[in-house]
Amino acid sequence: MMNTLRFKKLDGTATDIDKSAINQALSGEIIMPDAEHYDEARALWNGMIDKLPGVIVRVSNAQDVVKAVNFARSHGILLAIKSGGHNIAGKALADGGLVIDFSAMQEVKVDPLQKTMKVAPGATLADVDSATQQHGLVVPTGINSTTGIAGLTLGGGFGWTTRKFGLTIDSLIAVTIVTAAGDILKANADEHPDLFWAVHGGGGNFGVITEFEFTLHQAGPEILAGMVVHPFSEAKNVLEQYQAIVDKASEDLTCWIVMRKAPPLPFLPEEWHGKEVLVMAMCYIGDMAQGQKATEGFRKIGQPIAEAIGPMPFTAWQAAFDPLLTEGARNYWKSLDFTTVNNNVVTEIEKAIMTLPGNECEIFIAHVGGAVTKVAPQDTPWLNRKPHFTMNVHTRWQDATDDDIFRNWARRLHSNLTPHAMGSIYVNFIPEGDDNCIGEAYGTNFPRLKQIKQHYDPGNLFRVNQNIVP
């Protein structure tokens with residue numbers, strides 16, 4: 001039996017470290033490659049990612065994190081952080097690296113009187129929603145309840161309540177963070193404000209966060225939500241009318257577009273299952289009668305195949321798309337931001353939808369506006385505060401032999417649409433191999449991020465991420 005484990009160093013070379021030294025230096029649950037549940041511990045949401053860490057440490061508190069950071073720094077080895085494991089590029093793992101795994105730290109503490117929440121980095125959006133909705137409160141998050149709150153927040157975070165309450169980072173009021181030097185710092189508007197600014201969308205480049213603190217907003221527990229489904233042949237007409245309404249719509253209302261082959265939704269006529277459709281998915285936070293009026297304009301567009309909009313628990317809507325986004329499938333994304341989805345863009349989308357490589361692929365268009373626009377671009381690393389449309393070209397499939405077919409479909413559409421796009425990109429949507437996009441994500445905020453990185457992590461210990469090189 002081998003008494004050493006092999007690790008990859010920051011300089012690209014390899015080093016062997018005694019297992020006994022690892023056991024003495026680290027605390028928490030130490031999962032080595034010969035452990036029975038090693039493969040389970042290294043599994044990620046995106047089944048395309050197959051990395052073999054040198055060791056995984058399932059931490060239970062901030063001191064466990066400090067020991068792991070100090071160990072990685074002193075040995076000069078790669079360090080990765082695994083929270084929800086949803087990052088499309090697989091940045092939660094590193095081949096031959098030490099992985100800090102937060103799956104044992106999922107506590108959510110809500111203060112309903114102060115309308116604040118403290119949350120551990122291993123919590124999912126479902127954990128957060130479950131705790132906050134007991135008090136009719138929310139923090140704006142994403143649209144897949146199994147996503148981790150940590151990665152979502154560190155990249156910015158947007159979803160169904162963003163038009164009303166802003167990005168996830170816009171509700172962030174403090175973090176507890178372990179730096180590359182192994183120090184535990186509290187960062188907020190008054191303490192280490194430069195570091196606090198950087199974690200508002202700058203990713204995991206500046207340290208390992210062991211606790212997030214958010215301000216909460218009144219919403220739920222019941223909302224008005226659902227879908228209107230159109231034949232995809234009506235896409236041009238629907239998108240044109242949609243755009244004429246969406247900018248002027250109430251900020252209480254979010255309406256997004258999904259284009260794909262129809263899944264077997266219970267309210268959809270069976271003859272449409274597997275056919276190309278355009279779905280308007282909408283969510284209204286507020287009075288139900290007002291919601292009926294606010295959604296009326298969207299519901300009057302065209303001649304839909306089916307409609308299912310009504311009162312439902314907010315937690316149910318937050319998990320409504322989970323069955324289409326289960327763990328383990330192979331996923332590849334390409335993303336673009338648009339000021340407008342004009343005829344040139346629609347033409348390219350039409351060609352792509354009529355050549356979908358598989359039934360699980362889709363193109364979604366999210367309108368990002370409302371409260372997002374009330375924060376100045378320089379106030380957070382998230383640069384694009386103008387009302388805009390974020391398009392995610394989402395390919396999803398099961399068989400590794402089909403990788404090139406699906407990726408090439410997404411890349412071709414992305415290439416064809418790039419001349420019509422704004423030039424910005426959402427950092428959480430950057431796929432594996434597109435690390436050169438990082439400057440596009442931060443634009444004029446990039447130099448400041450690099451300066452803060454230089455101050456807090458000059459050796460670039462935290463590099464297994466969408467990396468900002470110091």
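Side notes on the structure shown:
- Qualifying residue in region 83-91 (condition: over 17 Å from the mean Cα position of the chain (by Cα) and crowded, with 24+ Cβ neighbours inside 10 Å): no
- Filtering Asp64, Asp50 for residues that are of a type in the set (Asp, Glu) and either touching a Gly at 6+ places or on another chain (Cβ under 7 Å) or crowded, with 22+ Cβ neighbours inside 10 Å (or both) leaves a single hit, Asp64.
- Taken over region 1-15, residues that are out of contact with any Asp or Glu (no Cβ under 8 Å at 6 or more places or on another chain), under 29 Å from Ala62 (Cβ atoms) and outside any loop (DSSP other than H, G, I, E, B) amount to 2.
- The C-beta contact set for region 329-346 (first residue over 14 Å from Met422 (Cα atoms) and in a strand (DSSP E or B), second residue open to solvent by 50 Å² or more (accessible area, probe 1.4 Å) and not small (Gly, Ala, Ser), distance under 6 angstrom, 6+ apart or interchain) comprises Tyr332/Arg407.
- Filter result (assigned to a helix (DSSP H, G or I) and either open to solvent by less than 30 Å² (accessible area, probe 1.4 Å) or in contact (Cβ under 8 Å) with a residue 60 or more places away in the chain (or both)) within region 30-42: Tyr38, Ala41
- Count of residues meeting criterion [open to solvent by less than 20 Å² (accessible area, probe 1.4 Å) and either modelled with pLDDT under 95 or closer than 26 Å to Trp333 by Cα (or both)] in region 370-383: 4
- Among the residues of region 190-238, those that are of a type in the set (A, V, I, L, M) and more than 26 Å from Lys109 (Cα to Cα) comprise Leu224, Ala225, Met227, Val228, Val229, Ala235, Val238.
- Scanning region 250-267 for residues that are open to solvent by less than 20 Å² (accessible area, probe 1.4 Å), farther than 16 Å from Pro323 by Cα and of a type outside the set (Ser, Thr, Tyr) turns up Leu253, Cys255, Trp256, Ile257, Met259.
- Against the test of being closer than 23 Å to Asn46 by Cβ and of a type in the set (S, T, N, Q), the options Asn460, Asn384, Asn408 yield a single qualifying residue, Asn408.
- Pairs with Cβ under 7 Å, 6+ apart, first in region 2-29 and farther than 21 Å from Val66 by Cβ and open to solvent by 80 Å² or more (accessible area, probe 1.4 Å), second of a type in the set (Asp, Glu) and in a strand (DSSP E or B): Asn3/Asp18; Arg6/Asp16
- Applying the criterion of being among the hydrophobic types (A, V, I, L, M, F, W, C), in a loop (DSSP other than H, G, I, E, B) and within 17 Å of the chain's Cα centre (by Cα) to the residues of region 92-138, the residue that is nearest to Ile81 (Cα to Cα) is Ala92.
- Residue satisfying all of: in region 161-180; in a helix (DSSP H, G or I) and of a type outside the set (Asp, Glu); surrounded by the fewest Cβ atoms within 10 Å (Cβ to Cβ) among these: Lys164
The rows are residues; the columns are (1) crowded, with 24+ Cβ neighbours inside 10 Å; (2) touching a Pro at 6+ places or on another chain (Cβ under 9 Å); (3) among the aromatic types (Phe, Trp, Tyr); (4) not in a loop (DSSP other than H, G, I, E, B).
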position: Ala150; (1), (2), (3), (4): yes, yes, no, yes
position: Gly157; (1), (2), (3), (4): yes, yes, no, no
position: Gly182; (1), (2), (3), (4): no, no, no, no
position: Asp194; (1), (2), (3), (4): no, no, no, yes
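- Among the candidates Val258, Val229, residue that is among the hydrophobic types (A, V, I, L, M, F, W, C) and under 20 Å from the mean Cα position of the chain (by Cα): Val258
- Against the numbered list (1) over 17 Å from Ala198 (Cβ atoms); (2) not in a loop (DSSP other than H, G, I, E, B), Lys450 comes up short only at (1).
- Filter pass, Ala198 being of a type outside the set (Val, Ile, Thr) and closer than 24 Å to Gly156 by Cα: yes
- Subset of region 386-409 that is of a type outside the set (Lys, Arg) and within 19 Å of the chain's Cα centre (by Cα) - its residue that is farthest from Phe364 (Cα to Cα): His388
The values are calculated or read from the model by the stated rules, or taken from the named source; none is laboratory data. Everything quoted here is computed from the prediction, not taken from an experiment. All Cβ positions, glycine included, derive from the backbone under ideal geometry; neighbour counts span all protein chains shown. Keep in mind that these areas ignore ligands, DNA and RNA; they rest on the heavy atoms of the full protein, side chains included. Shrake-Rupley method; radii C 1.70, N 1.55, O 1.52, S 1.80 Å.
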